[in-house]
């Protein structure tokens, strides 16, 4: 939920109006005095005081009084009365969301001020407040400090307290809470010293500061104090804001039922007074409160209302900002016209501007040239890296083709000889059978080579992605063992499957290829009458598979390089089985496609263990 900038500013403006009045009679008393007033000056002061008195509960009536005061002030040409009536009109425009009119009004008042420090201070304070609402916080602080210096010169304790308060609000907006508390407490102590009681608007912002510091007990204490003093004076506008601040504090402290109660009470008051900005904040809070409590029907209702108000106010704010900037521009233009003495200064200004433009263009051109050179160099480096990758890939393919050609030529040559011997009538059946058994490993190796070659070619052609489905890891491993179990039987090797049953999400074909290749490798490099063990280890995030053999092992200088370029390290198995290195390359690619890792540990003459992991996807 955003910081309550607009509410703070409107509250601040209204508080300043109360201070300007200096004293307040009841409305009935003021109206009676107005009926007996004999001079226009007396009528104007009474009308302004009436506006200050009713602004909290009836902004529409307040602007009626201020406009009457302004009209009479124009007739008698009284600058002081004109400025005070304009500042009152500015307060009403701000409360009702007419920010462009508020800005125009305060600039109109400032143009009337000459050497009157009191009036200038009031205009600076009001200008600071409007700049604050437009979120130009640095400008706001600048005008607040100007007002403070003037008020210190005048010795006006009421105005000094207001200036301290305004500066504290600036630091509240910029999240400098210690500084905010310092200035708000300065204003608080000055009010106690001057009036013997605190100002409710200052109490309210002390509470708001403590809310953002998450010191909720202190926040509620000051908000309750503010509400108490506002209720004594029946100030409906302040009471509505106090209720919202209390609701906001309970919301941040996660006391949602209390937050709903105070927000709805604030909303009711805001509706009665047509305070649209405050209504929007309450709709926003009620939406979030009901959503937090999972009362989605009520949350939806407030969300829709909030969106309607937000769109309306957003359009209004855009229009107000443009109009306020136009007002500021007119004021600055008049001020500049008074300061410009000679036409030569304009010419000098143009020359300076031209020099700046040319300097900027030159700098931009230099920067553009540097950027272009940098991009060209970076692209050149990228192309060099790409060429190296292409060369490496071509080298790997050439090695692969050489290995495959050699292995296939040897395998097919052996098979051709086997066929020729079989056709020889001089051989008996037992001799043919014995010879065929000796050729079986060659046939099996050739089959594995062709299968891996086809898989590798298919993958590189289509760049396949895994098709994830729910699988039992033990079933996949059993199928792989069954597929190549005859090789183990032929070599007298026992495969022990200790993989536990468990569900994974993976591509069935890819994982089967991984299992077949790793088990086939273990068989190829294991001696007869040994065993191969498949193990598993589950964690909360992944499963680790181990393929352990008691074979001839792998040299230590080869282990670290085997997965990077397996074609360079192919070798024959214990019974002459051939390999291309494609199997391990496919295993690495498929496991990494699943987001896993593959590695090995080996000791020559003592066997090898291949590991791979797979994430347990939900």
- Task: Go through the stretch 229-264 and count every residue that is assigned to a helix (DSSP H, G or I) and either in the same structural domain as residue 54 (by TED's automatic domain parsing) or within 20 Å of residue 55 (Cα to Cα) (or both).
- Result: 13
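Let's see how each residue does on (1) surrounded by 22 or more Cβ atoms within 10 Å (Cβ to Cβ); (2) at pLDDT 90 or above; (3) closer than 20 Å to residue 238 by Cβ:
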position: 158; (1), (2), (3): no, no, yes
position: 166; (1), (2), (3): yes, no, yes
position: 184; (1), (2), (3): yes, yes, yes
position: 195; (1), (2), (3): no, no, yes
position: 200; (1), (2), (3): yes, no, yes
position: 220; (1), (2), (3): no, yes, yes
- Checking 527, 521 in turn, the sole residue that is assigned by TED's automatic domain parsing to the domain that holds residue 605 and surrounded by 21 or more Cβ atoms within 10 Å (Cβ to Cβ) turns out to be 521
- Please tell me if residue 175 is part of a loop (DSSP other than H, G, I, E, B), in contact (Cβ under 8 Å) with a residue 12 or more places away in the chain and surrounded by fewer than 23 Cβ atoms within 10 Å (Cβ to Cβ). yes
- Checked the stretch 580-595 for anything surrounded by 19 or more Cβ atoms within 10 Å (Cβ to Cβ) and assigned to a loop (DSSP other than H, G, I, E, B); matches are 580, 581, 594
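Okay, residues lined up against (1) modelled with pLDDT of 80 or more; (2) farther than 24 Å from residue 261 by Cβ; (3) assigned to a helix (DSSP H, G or I):
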site: 277; (1), (2), (3): no, no, yes
site: 281; (1), (2), (3): yes, no, yes
site: 285; (1), (2), (3): yes, no, yes
site: 294; (1), (2), (3): yes, no, no
site: 297; (1), (2), (3): yes, no, yes
site: 303; (1), (2), (3): no, no, yes
site: 313; (1), (2), (3): no, yes, yes
site: 319; (1), (2), (3): no, yes, yes
- Query: Which ones in the stretch 477-509 are outside any loop (DSSP other than H, G, I, E, B), in contact with a helix residue (DSSP H, G or I) (Cβ under 6 Å, 6 or more places away or on another chain) and buried (at least 21 other Cβ atoms within 10 Å of the Cβ)?
  - Reply: 477, 480, 487, 495
- Selection over the stretch 120-145 where residues are buried (at least 17 other Cβ atoms within 10 Å of the Cβ) and touching a residue at least 24 places away in the same chain (Cβ under 8 Å) yields a count of 17
- Matching residues in the stretch 108-124 - criterion: being under 15 Å from residue 85 (Cβ atoms) and under 44 Å from the mean Cα position of the chain (by Cα): 108, 109, 110, 122, 123
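The values are calculated or read from the model by the stated rules, or taken from the named source; none is laboratory data. Since we're looking at a predicted model, the values are computed, not measured. No Cβ is skipped: glycine too gets one built from the backbone with ideal geometry, and neighbour counts run over all protein chains shown.
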